[in-house]
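For reference, the structure discussed in these notes is given below.
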Amino acid sequence: MSPTGRATFGLLAAVGALLFGIPVLVLLARAILGGALGASLMSRVVLDALALSVLTSAAALLATVVLGTPLAYLLARRRFRGSWLVDTLVDLPIVLPPSVAGLALLLTFGSRGAFGPGLAVLGVQVPFTVWAVVIAQTFVSAPLFIRSARAGFQQVDRDLEDAARVDGAHEAAVFRSVTVPLAGGALAAGLVLAWARALGEFGATIMFAGNIPGRTQTLPVAVYSEFQAIDGLDRSIAAAAVLVLAAFGVLVVVRWLHWRALLALPMARG
Amino acid sequence: MVLIVGLDGCASAAATPTPQPGGALTVLAAASLQAPFAELKRAFQASHPRTTLTLAFDASSTLRAQIEQGAPADLLVSADVASPARLASEGLTAGPPVTFARDTLAIVVPAGNPARISSPIDLAVPNLRIVVAAATVPLGMYTQLLLERLAKQPGYPPGYAARIVANVASREENAATVLARIELGEADAAIMYASQARIAGARLTVIGLPAGVRVTASYAAVVLKASRSGPAANDFLAWLRTPIAGAILARFGLTPP
């Protein structure tokens, strides 16, 4: 590359880094210097939203592990008729606009939806409740875990599983003591990313669960809602700053997991 | 706990003939009502200690759609009469809608008036940035009506409404985001409810409308069929028409029906 070419390349890279970095830094600076992180963070609206976000994203994560692990394992290990279709369907929410996910969930579980009337007979109300928040979060975030877990299960050395079987281990024991630990880094990274996606869920939540303080108003929804409120900008900024810090923390953890996996791999193989 | 409340209820029933109904009410209200309803909530809960109100705000049409899809709320407080009427026709209401306040439309500019707008005619000057509400929400429909009425005024240029449409920088999804945009200095002018402009105070300046041009918005509330606290919801609805509520509404620039 010529010196001019290299300079242009470096300049574009610098502009790119600034473009991605500056808005977030401005937000954090405004939150800290403007005092929003102090007083507004302790406001009822922000605390309620924070508590709801922690609770619902934890529930979404639990649903993701329970439903996603078997699915990821089967997709990694078995080829069955139509497995490519299941593979694609599982990945779909990652690329779908969240508003589309919200509408689809509403058409499925809404009171005028495909299953809404049936659920109503059972006395179960899903849309615009905390359950809708959890479903929306699981719908958009589980695919991130499943993708990562599928890749993790695929990389597990089958000979090690066979060795355990030869030693007389049951399938459940092989899965628990050999497969899961060997895929552990990928599973953990997938979980952390899925949690971050669930925590940040906005579009599907506001369409499917609405925006009721203390009930369905999660942190990202509070950012949007308080921005519109009279004198709510500081509370909006405080809620946003919490999300930035959580997202940053998630990326640090994922990085650490990757490093640990890279360092641990030769030892595991050796 | 339940027993104590029960005994308490009996005791007060003996003293007063009609015990106050109670319950946890979810009120879905028009985005423009945030400030007055925060105050109404305080006043109502003070005089009705057995009822707690949870308020959620958005465009009335958005709230109407949420109710149609099964949102578990007790009341809709709409910035138009069409949304409650629509819900009534769909069998989703319990009782008739009650109009409890009126508002008018206002053209506002940010403090300092950077585009030097002194009359609604000036909104047609090319390259202004005007913020209005989306045509699907009540404020957007009222805005359309206002522009049509202004266009018919003597001295207004041909194609006035079309020129303003060309100047529209953003169509916001509810009245609150219209206010937020202009307060952040993102526009030269905005069209919103007069009550919102009044609450914003010195941060905005209202541009006078020609005599006789006036668009009135009606706020109507209705108890929803999904409500599980019907008596308390009806109580709140009736309370909205009391002089106490009327005085609070008046302080925020809302007039009686």
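The values are calculated or read from the model by the stated rules, or taken from the named source; none is laboratory data. What you see is a predicted model, and the numbers here were worked out from it, not measured in a lab. Quick reminder, even Gly has a Cβ in these numbers, built from the backbone with ideal geometry, and neighbours come from all protein chains shown. Side chains included, ligands, DNA and RNA excluded: accessible areas come from the protein's heavy atoms. Shrake-Rupley method; radii C 1.70, N 1.55, O 1.52, S 1.80 Å.
The stretch B:103-216: percent of C-alpha pairs farther apart than 24 Å? Intermediate results must be reported in sequence, preceding the final value.
Values: 794 of 6441 pairs.
So the portion of pairs separated by more than 24 Å is 12 percent.
Am I reading the A/B interface right? What is its buried accessible area, both sides, 1.4 Å probe, to the nearest 100 Å²?
On the way: alone 15560 and 12030 Å², together 25680 Å².
Adding both sides of the contact gives about 1900 Å².
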Shielding by partners - mean other protein chain Cβ count within 10 Å, residues of B:69-77: 6
Expressed as an acute angle from 0 to 90° and rounded to the nearest 10, what is the orientation of the C-alpha long axis of helix B:34-47 relative to the principal long axis of chain B? 20 degrees
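Quote to one decimal, in nm, the extra length available between residue A:55 and residue A:107 on full extension: 0.36 nm per residue of separation minus the C-alpha distance between them.
On the way: separation 52, 0.36 × 52 = 18.72 nm, distance 2.53 nm.
Working it through step by step, the gained length comes to 16.2 nm.
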Between the modelled labels at residue B:121 and residue B:216 (7 Å from Cα along Cα→Cβ) the distance in nm is 2.9 nm
Placing each pseudo-label 7 Å from Cα in the direction of the beta carbon, residue A:256 and residue B:24 end up separated by a distance in nanometres of 3.7 nm
Once both label points are put 7 Å beyond Cα along the C-beta direction, the residue A:44-residue A:89 separation in nm becomes 4.5 nm
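What average number of partner chain Cβ atoms lie no more than 10 Å from the Cβ of the residues making up B:49-60? All intermediate terms of the calculation are to be shown ahead of the outcome.
Working: counts 0, 0, 0, 0, 0, 4, 2, 10, 6, 5, 0, 0.
Mean number of neighbouring Cβ atoms from other chains: 2.
With all distinct Cα pairs included, what does the Kirkwood hydrodynamic radius of the stretch A:191-270 come out to in Å, to one decimal, could you say? Don't skip to the answer; put the middle values down first.
Values: mean 1/r = 0.0688 Å⁻¹.
Evaluated over the stretch A:191-270, this radius sits at 14.5 Å.
What is the local net charge at residue A:229, summed over the other residues whose Cβ is closer than 13 Å to its Cβ (Lys, Arg +1; Asp, Glu -1)? Don't jump to the answer; show the numbers that get you there.
Details: positive: A:44, A:235; negative: A:226, A:231, A:234, B:58, B:183.
Overall, the nearby charge balance is -3.
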Using only the alpha carbons, work out the radius of gyration and Dmax of the stretch A:23-269 in angstrom. 20.7, 69
Other chains near A:228-236: what is the mean number of their Cβ atoms within 10 Å of each residue's Cβ? 5
Percent carbon-and-sulfur accessible area, chain A, ignoring ligands, DNA and RNA, probe 1.4 Å: 73 percent
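Can you work out the accessible area per residue across chain A, with the rest of the protein chains kept in place, probe 1.4 Å, in square angstrom? Present the calculation step by step, with values, prior to reporting the outcome.
Working: 14600 Å² over 270 residues.
Per residue, chain A has an accessible area of 54 Å².
Over the protein assembly as shown, what lengths in whole Å, largest first, do the semi-axes of the equivalent ellipsoid take, defined as the square roots of 5 times the eigenvalues of the alpha-carbon gyration tensor?
Values: eigenvalues 466, 223, 89 Å².
For the protein assembly as shown, the ellipsoid semi-axes come out as 48, 33, 21 Å.
Based on the mean of other beta carbon atoms within 10 Å per residue, what is the order of A:233-246, A:4-17, B:229-242, most packed first? Walk me through the numbers before you get to the answer.
Working: A:233-246: 21.8, A:4-17: 10.1, B:229-242: 18.9.
Put in order of decreasing packing, that is A:233-246, B:229-242, A:4-17.
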Cut-off 20 Å, label 7 Å out along Cα→Cβ of residue A:27, residues of the stretch A:111-138 by amide N: A:137
For chain B, what Kirkwood radius comes out of the mean inverse Cα-Cα distance, in Å? 19.6 Å
Please work out the C-alpha center-to-center distance from the stretch A:4-52 to the stretch B:185-257 and express it in whole Å. 36 Å
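At 27 Å minimum axial length over the Cα atoms and a Kyte-Doolittle cut of -1.0, report the qualifying DSSP H helices in chain A, or say none. Display every interim value, and only then the final one.
Details: long enough: A:3-33 (41 Å, 1.72); A:44-77 (48 Å, 1.59); A:130-155 (37 Å, 0.86); A:233-269 (53 Å, 1.40).
Length and hydropathy pass: A:3-33, A:44-77, A:130-155, A:233-269.
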Computed lengthening from residue A:18 to residue A:6, 0.36 nm per intervening residue step minus Cα-Cα distance: 2.5 nm
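Using the Cβ atoms and a cut-off under 10 Å, what net charge is assigned to the surroundings of residue A:214, where Lys and Arg are +1 and Asp and Glu are -1?
Values: positive: A:44, A:215; negative: A:48.
Computed value for this residue: +1.
Quick one: grab the alpha carbon gyration tensor of the stretch A:215-261, order the square roots of its eigenvalues as a ≥ b ≥ c, and give me rounded if a/c is under 1.5, else prolate or oblate depending on whether a/b is larger than b/c.
Numbers: a/c = 6.14, a/b = 2.96, b/c = 2.07.
Because a/c hits 1.5 or more and a/b exceeds b/c, the stretch A:215-261 counts as prolate.
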Averaged per residue, what accessible surface does chain B expose to a 1.4 Å probe, in Å²? 43 Å²
Using a 1.4 Å probe and counting only protein heavy atoms, arrange A:171, B:148 so the residue with the most accessible area comes first. A:171, B:148
With a 1.4 Å probe and all protein chains in place, put A:259, A:195 in order of accessible area, largest first. A:259, A:195
With angles folded into 0 to 90 degrees, how steeply does helix B:230-239 sit against the dominant principal axis of chain B? Use alpha carbons for both and round to 10. 50 degrees
Principal-axis tilt of helix B:138-151 within chain B, Cα atoms, nearest 10 degrees: 30 degrees
Work out, in µm²/s and without decimals, the Stokes-Einstein translational diffusion coefficient of the stretch A:44-191 at 4 °C, 1.567 mPa s, Rh from Kirkwood over C-alpha pairs. 75 µm²/s
Out of every Cα pair in the stretch B:77-143, what percent are spaced more than 21 Å from each other? 46 percent
